[in-house]
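See below for the structure under consideration.
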Amino acid sequence: MRAPMTEAIKPPPQMTGCVCEQGSARFTEFETRDVGCDETEGRFADVTLNRCRTCRRTWLRYLVEYEAFSRSGRWARGLISEAEAEAIRPEKAVDHLNGLEWYLYGGSYFDGIVGR
């Protein structure tokens, strides 16, 4: 038997409806703390922790851009627990994001489209 349509489009876990769950959330919605630069494989990506000013959840943000190539900028932002945030190192950020059920991504590489 098929599941009703409403069950098929449930939001991902941990969704609250807060503005921080939108890829279009402005940087002013967050308090930001620098984690460092991930130099793995020459990426030189900026890694930051962003705490939402509204719901107080913490997000790990990964931003990389290759200056020699136009439209190469891309970012990803995913939830991270307080304990994980205290211990995260820049070179482990990609592994953390890849281990999540979902994260937001976007940037010029994706023609400005934000996805989940």
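The values are calculated or read from the model by the stated rules, or taken from the named source; none is laboratory data. Only a predicted model underlies this, so the values are computations on that prediction, with no experimental measurement involved. Here the Cβ positions follow ideal geometry from the backbone for every residue, glycine too, while neighbour counts run over all protein chains shown. With ligands, DNA and RNA removed, areas are computed over all heavy atoms of the protein, side chains included. Shrake-Rupley method; radii C 1.70, N 1.55, O 1.52, S 1.80 Å.
Scanning region 91-107 for residues that are surrounded by 14 or more Cβ atoms within 10 Å (Cβ to Cβ) and not in a loop (DSSP other than H, G, I, E, B) yields Glu91, Lys92, Ala93, Val94, His96, Leu97, Leu104, Tyr105, Gly106. Name the single residue, out of those in region 65-90 being over 17 Å from Arg33 (Cβ atoms) and of a type in the set (Asp, Glu), that is most open to solvent (accessible area, probe 1.4 Å). So the residue we want is Glu67. Considering region 40-59, the residues that are of a type in the set (A, V, I, L, M, F, W, C) and not in a loop (DSSP other than H, G, I, E, B) include one that is nearest to Ile80 (Cα to Cα), namely Trp59. Residue-level analysis places Glu91 among those that are touching an Asp or Glu at 6+ places or on another chain (Cβ under 6 Å) and either at pLDDT 95 or above or farther than 20 Å from Gln22 by Cα (or both).
Against the list (1) open to solvent by 10 Å² or more (accessible area, probe 1.4 Å); (2) under 21 Å from Tyr109 (Cα atoms), the condition Arg51 fails is (2). State yes or no: is Tyr62 surrounded by 12 or more Cβ atoms within 10 Å (Cβ to Cβ) and either touching a Pro at 6+ places or on another chain (Cβ under 6 Å) or outside any loop (DSSP other than H, G, I, E, B) (or both)? Taking the combined requirement at face value, the residue satisfies it.
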